[in-house]
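Since the structure comes first, as structure tokens, the remarks are kept for the end.
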Amino acid sequence: MAESSDSVSLDMEKIYLGGKEHHIRTGCGSVSVIVYGDPEKPALITYPDLALNYMSCFQGLFFCPEAASLLLHNFCIYHISPPGHELGAGAICPDDPIPSIEDLADQIVEILNYFGLGAVMCMGVTAGAYILTLFAMKYRERVLGLILVSPLCKAPSWTEWFYNKVMSNLLYFYGMCGLLKECLLQRYFSKEVRGNAEIPESEIVQACRKLLDERKRTNVLRFLESINERPDITEGLKRLKCRTLIFVGDSSPFHSEALHMTSKLDRRFSALVEVQACGSMVTEEQPHAMLIPMEYFFMGYGLYRPCHFSDSPRSPLSPSCISPELLSPESMGLKLKPIKTRVSMEV
């Protein structure tokens, strides 16, 4: 990161928009990976939710100046898109076999090997969180830690399975139609930002709606069918020894799923952050709520280094700059479980 007297947000934006795209051929087709930052730094890989890519799932987090400073100062970021979900992607040939959810997890190993990466930090949202959790179970030596946002771990309930089948039929017959987009937006966001007859929807919802228009129906349908056939991996959570930080909005359709997953993880290595008045996509709806828990999470690895910009009033990244009042759950709009998040992550 180049040091200058410019504002942190400007520096972060320049770096974030200057990423390099790689198209990697794997056993399950080509995958797009956008790389940002210094490849000599520890790697952090991201995986988005259904019908999303890094631009629609993580830009809120990375455009939040403090969070971008924290992440880009300490990591090189590798944004993985599900097959056919990258910006400008064409339709995948209908004759190509649909990869299973295990295939998608195995695909990550090929991506890491392509870049010559060893163990990496992982950040995933909902379906992406499931894939990264499965990856961590199968390849424990390749995962430093997991940051999971509204994660899944069980097989689809009958309600979710039926809901996904409705979306599959809408995709097949009508493509990315208005009704399908409404279904997806309900999956991602709380009703507070989706708006209603009296309150207009927020800018983040409007931006997501436009980005959904770019998705090809066949590509989203393939990913949806993979997700809808996912197995229950609850039993494997007991063998997961890497540190895990879970975020979930209390208005998320997958809130109970996140609570279930947290209850099955080893309490010595995991923590749950519930974000009030927020849907599934905390990275977009309330990215600032992720900052302080992530700082403490990274401290547990010795990866966290105070940023050169920490003297900026908009970037209080040094622990000495964080007032005790700011750490209270009430001031952050959070419910922390356990409250002593840092203690709960000590090995």
The local net charge around Val31, scoring Lys/Arg +1 and Asp/Glu -1 for residues other than Val31 whose Cβ lies under 10 Å from its Cβ, equals -1
Under 5 Å from the placed amide H of Ile45, counting only residues 5+ away or on other chains, we find Tyr78, Met121, Cys122, Met123
The simple spin-label model distance between Ala277 and Arg25, using points 7 Å out along Cα→Cβ, in nm, is 5.2
With 0.36 nm assigned to each residue of separation and the Cα-Cα distance removed, Cys93 to Glu229 gains 46.9 nm
Residues other than His22 with Cβ under 13 Å of its Cβ, Lys/Arg counted +1 and Asp/Glu -1, net out at -1
Taking a crude spin-label model, label points 7 Å out from Cα along the C-beta direction, the Phe63 to Phe162 distance in nm is 3.8
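Can you pull the semi-axes for region 20-306, root of five times each eigenvalue of the Cα gyration tensor, sorted largest first, whole Å?
26, 22, 19
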Checking rank on 285-292, 164-171, 257-264, with mean other Cβ inside 10 Å and highest first, the result is 285-292, 257-264, 164-171
In region 20-306 the DSSP beta bridges are antiparallel at a rate, in percent to nearest 5, of 30
Here, Ser100 and Ser256, labelled 7 Å along Cα→Cβ, have an inter-label distance in nm of 2.8
Full extension between Arg140 and Val35 adds, at 0.36 nm per residue less the Cα distance, a length in nm of 35.5 nm
With all protein chains in place and a 1.4 Å probe, Asp103 shows an accessible area in Å² (nearest 10) of 50
Count of lysine pairs, region 20-306, Cα-Cα under 17 Å, sep. 8 or more residues or interchain, comes to 12
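The values are calculated or read from the model by the stated rules, or taken from the named source; none is laboratory data. Worth saying up front: this structure is predicted, and the values here are computed from it rather than measured. Using ideal geometry, Cβ is built from the backbone for each residue, glycine included, and neighbour counts are taken over all protein chains shown. Only protein heavy atoms, including side chains, enter the accessible area calculation; ligands, DNA and RNA are left aside. Shrake-Rupley method; radii C 1.70, N 1.55, O 1.52, S 1.80 Å.
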